[in-house]
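Student: Below: one structure in structure tokens.
The values are calculated or read from the model by the stated rules, or taken from the named source; none is laboratory data. On a predicted model such as this, the values are computed, not experimentally measured, just so you know. Because the Cβ atoms are built from the backbone with ideal geometry, glycine has one as well, and the counts that use them run over all protein chains shown. Quick note on the areas: whole protein, heavy atoms, side chains included, nothing else; ligands and nucleic acids left out. Shrake-Rupley method; radii C 1.70, N 1.55, O 1.52, S 1.80 Å.
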Amino acid sequence: MSFKISDKVDWVGKIDWEIRDYHGKEYSTHKGTSYNSYLVRDEKTVLIDTVWEPFGKEFVSNLKKEIDLNKIDYIIANHSEVDHSGALPELMREIPNTPIYCTKNGAKFLKAHYHKDWNFIVVKTGDTLDLGKSKLVFIEARMLHWPDSMFTYLTGENILFSNDAFGQHYASELMYNDKVDNAELFQEAIKYYANILTPFNALVIKKIEEILSLNLPLDMICPSHGIIWKENPLQIANKYMEWAKDYKENQVTIIYDTMWNATRIMAEAIADGIKEVNKDITIKIFNSSKNDKNDIVTEVFKSKMVLVGSSTINNGVLSSTAAILEMIKGLGFKGKKAAAFGSYGWSGESVKIITEELKKAGFETINDGIREMWNPDEVALDRCKDFGKSIEKIIGETIK
Ligand code: FEO
């Protein structure tokens, strides 16, 4: 499959309908993904990015139907991660001397991945490449999301090839934002941002401000995953600006794991207490051992407050609680409040451990949490409800 996206540009990538895990098992792709590669034909011909290695042969074979490979003058590698560079070995076997334009780190990383002495041309922000009537302008995008990341802008067609930025793991043959279900599209876009770009919020703001200050005409943003932003392409840049500023909706997320249901019952009683005081708050409840961790992180991203609960086991917390706390810690959320809860039988360390972990993860813990022994009775459940009600009092206006 290939299709024309503008006078000079064809999409020549690969839609991966079946992939469900990314980065090993670190990112769930419920809706598949695509590896977007673009062929630009002016007086010179350029290939921008490739696809993941398992599709390398198919990619090169399809590309041959589009163009005599020897007519490709330049290759642009916006990012060295294998989902975009994986087909390079297959392609470079056919056209070994074709120059590959990338950042300094891009050349270093591609050499370390493939151990080939390809003809790398290192570029930096503001460098250009003449194609005839149009030209490419390179914009380094360090840490969005790797040190080698780069955007490439095509003049004349007014297209920003943004690689991972503004992308979504979302397979759809419709390919444009004005064609697909926008609820699905933005859910995948925010999940991508929450799970991958949160640590780089400050850099996201800086980079978008830099791009906007260039006043480049922009007809399309073409990321390397998912659909192309054609209708009002800047809407996704504006969303990124919103998400990068310690984004919060009127939401509390409750995450728990439980051995014999006592911690689950506590979670639900706390939720009842919050709801009793404030009916407008969205409360989402997840058992961390039964729900997808990236979906939970996406909800944490949207929340003003997070409550984390676990039974105590072996003087510690349940393994799914430890895993989600570790994940949240790595993302470095800012400006969110949190508290812990959990049931216990005798030693009861879980609440203290969770509170400490939440602090280390950058959350403002609003109290020492609540713990109940064994199976909570009516009195204990009232305490949990009161704990929920007190959350409203403690964080006041911030969750209204
Ligand atoms: Fe950073 Fe889509 O790879």
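Student: For residue 27, which sequence-distant residues (separation of 5 or more, or a different chain) have an amide H within less than 5 Å of its own amide H, given hydrogens modelled in the peptide plane?
Tutor: Answer set, sorted by chain and number: 22.
Student: Same structure again: Rank by packing, highest mean first: peptides 202-215, 78-91, with packing defined as the count of other Cβ atoms within 10 Å averaged across residues.
Tutor: Those peptides, ordered most packed to least, come out 78-91, 202-215.
Student: My understanding is that a pair violates if its Cα-Cα distance is over 27 Å; which of 64/124; 191/352; 206/275; 304/329 do that in this structure? If you can, show how the numbers build up before the last one.
Tutor: On the way: 64/124 30 Å; 191/352 30 Å; 206/275 38 Å; 304/329 16 Å.
As for pairs spanning more than 27 Å Cα to Cα, those are 64/124; 191/352; 206/275.
Student: Using each residue's phi in segment 165-170, evaluate 6.51 cos²θ - 1.76 cosθ + 1.60 at θ = phi - 60° and report the 3J(HN,Hα) Karplus result to the nearest Hz, with x for Gly and Pro.
Tutor: 3J(HN,Hα) across segment 165-170, in whole Hz: 4, 6, x, 8, 7, 8.
Student: Moving on. Under unit Cβ charges (Lys, Arg +1; Asp, Glu -1), what dipole magnitude, rounded to 20 debye, does segment 74-140 have relative to its Cα centre?
Tutor: It comes to approximately 180 debye.
Student: If you put +1 on each Lys and Arg Cβ and -1 on each Asp and Glu Cβ, how big is the dipole of segment 287-365 around its Cα centre, in Debye rounded to 20?
Tutor: With Lys and Arg at +1 and Asp and Glu at -1, about 280 debye.
Student: For residue 120, which sequence-distant residues (separation of 5 or more, or a different chain) have an amide H within less than 5 Å of its own amide H, given hydrogens modelled in the peptide plane?
Tutor: For residue 120, whose amide H was placed from the backbone, the distant partners under 5 Å are 100.
Student: How large is the accessible surface per residue of segment 175-319, computed with a 1.4 Å probe and reported in Å² as a whole number?
Tutor: Working: 5740 Å² over 145 residues.
That works out to 40 Å² for each residue.
Student: At a Förster distance of 60 Å, what's the computed FRET efficiency of residue 158 paired with residue 377, Cβ-Cβ distance as r, to 0.05?
Tutor: After rounding, the FRET efficiency stands at 0.35.
Student: To continue, here is another question. With springs only between Cα atoms under 10 Å, which of 285, 196, 67 fluctuates most in a Gaussian network model of the chain?
Tutor: Its mean-square fluctuation being the largest, the pick is 67.
Student: What relative contact order, as a whole-number percentage, does segment 1-142 give when Cα pairs under 8 Å and 6 or more residues apart are counted?
Tutor: Worked out over segment 1-142, it gives 17 percent.
Student: Given 0.36 nm per residue, what is the gain on full extension from residue 215 to residue 359 after removing their alpha carbon distance, in nm?
Tutor: Details: separation 144, 0.36 × 144 = 51.84 nm, distance 4.14 nm.
Residue separation times 0.36 nm, minus the Cα-Cα distance, leaves 47.7 nm.
Student: If you place +1 on the Cβ of every Lys and Arg, -1 on the Cβ of every Asp and Glu, and leave all else neutral, what size is the dipole of the chain about its Cα centre, to the nearest 20 Debye?
Tutor: Details: 50 positive and 58 negative charges, 121 e Å.
Approximately 580 debye in magnitude.
Student: Here is a follow-up. Can you run phi through the Karplus equation (6.51, -1.76, 1.60; θ = phi - 60°) for segment 367-373 and list ³J(HN,Hα) in whole Hz, with x for Gly and Pro?
Tutor: For segment 367-373, the Karplus curve yields 6, 8, x, 9, 10, 10, 8 Hz.
Student: Using θ = phi - 60° and the Karplus relation 6.51 cos²θ - 1.76 cosθ + 1.60, list the HN-Hα couplings for segment 152-159 in order, rounded to whole Hz, with x at every Gly or Pro.
Tutor: Result, ordered by residue: 10, 10, 9, 6, x, 7, 6, 10 Hz.
Student: Of all DSSP beta bridges in the chain, what percent run antiparallel (nearest 5)?
Tutor: Percent antiparallel among DSSP bridges in the chain is about 45.
Student: With every protein chain present, what is the per residue accessible area of segment 23-136 (1.4 Å probe, Å²)?
Tutor: 45 Å²
Student: At what distance in nm do the modelled label points of residue 323 and residue 241 sit from each other, each positioned 7 Å from its Cα along Cα→Cβ?
Tutor: Placing both labels 7 Å beyond Cα along the Cβ direction yields 3.9 nm.
Student: Would you kindly state how much longer the chain becomes between residue 184 and residue 334 on full extension, computed as 0.36 nm times their sequence separation minus their alpha carbon distance, in nm to one decimal?
Tutor: 51.4 nm
Student: For residue 45, enumerate residues with amide H under 5 Å from its amide H, sequence gap 5+ or separate chain, H modeled in the peptide plane.
Tutor: Placed amide hydrogens put 73, 74 under 5 Å from residue 45.
Student: A further question follows. Using a 1.4 Å probe on the protein heavy atoms, what percent of the accessible area of segment 105-226 belongs to carbon and sulfur?
Tutor: 53 percent
Student: On to the next question. Based on DSSP H runs of at least 4 residues, each adding -39500 (n - 2.57), what is the mean residue ellipticity at 222 nm of the chain after dividing by all its residues, to the nearest 500 deg cm²/dmol?
Tutor: Working: 12 runs with 136 residues, N = 400.
So the calculated ellipticity at 222 nm is -10500 deg cm²/dmol.
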